[in-house]
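Chemist: Below is the structure I would like to discuss, written out as structure tokens.
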Amino acid sequence: MTGPIKVLGLALALALTGCSGKGGDAMGPNPEPPTNDPQLPTPNAGDVQGSYVLQQINGSGLGQLVTISNPDGEVIGLYRFQPTTLLMDGLQNFTLELRYSDDQTPDGIDDEGNFKQTGPVAANGALPLTFSSTTYDDRFTGVALGNTVTIKYDFDGDGQLDTSFEFRLVPGD
């Protein structure tokens, strides 16, 4: 009778080992953490905090005259932009300062509010963002990739996102 009990015990031990998926340790920790493990860092919009300086407007560099147009092609104006800033803090607040001129009169836009991540991080590392302005009570979109943040902004305030501004992280921030 001891022979069949040993065989049954061995079969039970093999079954537990096969079902555990843990290489024979039915009670050991799972080597692959679950997807909702709180120990895993998750990307969030707070990771983009820092001071950014304007480097491109609709693909054109600073100091160049840039034509700003609505999506339908209607020209808003011809402007020259100076180095200005986008500040993003760890509490997901932003401050935007745009300085420009029409080659006759200096002007500017000051905006502030908050931002949040609006989707998963893309395969290339791009982080989609939505900015909510408390100054103008509107929203605009953005994406953080590496040390740059690009926003699509309603420059003339007509409700259409018409201008792309690219900002680069200031070294040391």
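Chemist: Find the strands (runs of 3 or more DSSP E) located wholly in region 70-173 whose residues include 2 or more that are touching a helix residue (DSSP H, G or I) at 6+ places or on another chain (Cβ under 7 Å), and list them.
Modeler: Fully inside region 70-173 and qualifying: 106-117, 127-133.
Chemist: Can I ask one more? Could you check how many residues of region 91-108 are surrounded by fewer than 12 Cβ atoms within 10 Å (Cβ to Cβ) and within 21 Å of the chain's Cα centre (by Cα)?
Modeler: Here the count works out to 1.
Chemist: Another question, if that's okay. Select from region 133-146 the residues that are within 14 Å of the chain's Cα centre (by Cα) and either among the polar types (S, T, N, Q) or loosely packed, with under 14 Cβ neighbours inside 10 Å (or both) and list them in ascending order.
Modeler: T141, G146
Chemist: Do we have any residue at all in region 133-149 that's more than 15 Å from V48 (Cα to Cα) and touching a residue at least 60 places away in the same chain (Cβ under 8 Å)?
Modeler: There is no residue in region 133-149 that is more than 15 Å from V48 (Cα to Cα) and touching a residue at least 60 places away in the same chain (Cβ under 8 Å).
All of the numbers you see were taken from the coordinates with simple rules; none came from a lab. Everything quoted here is computed from the prediction, not taken from an experiment. FYI the Cβ positions are ideal-geometry reconstructions off the backbone, even for glycines, and counts take in every protein chain you see.
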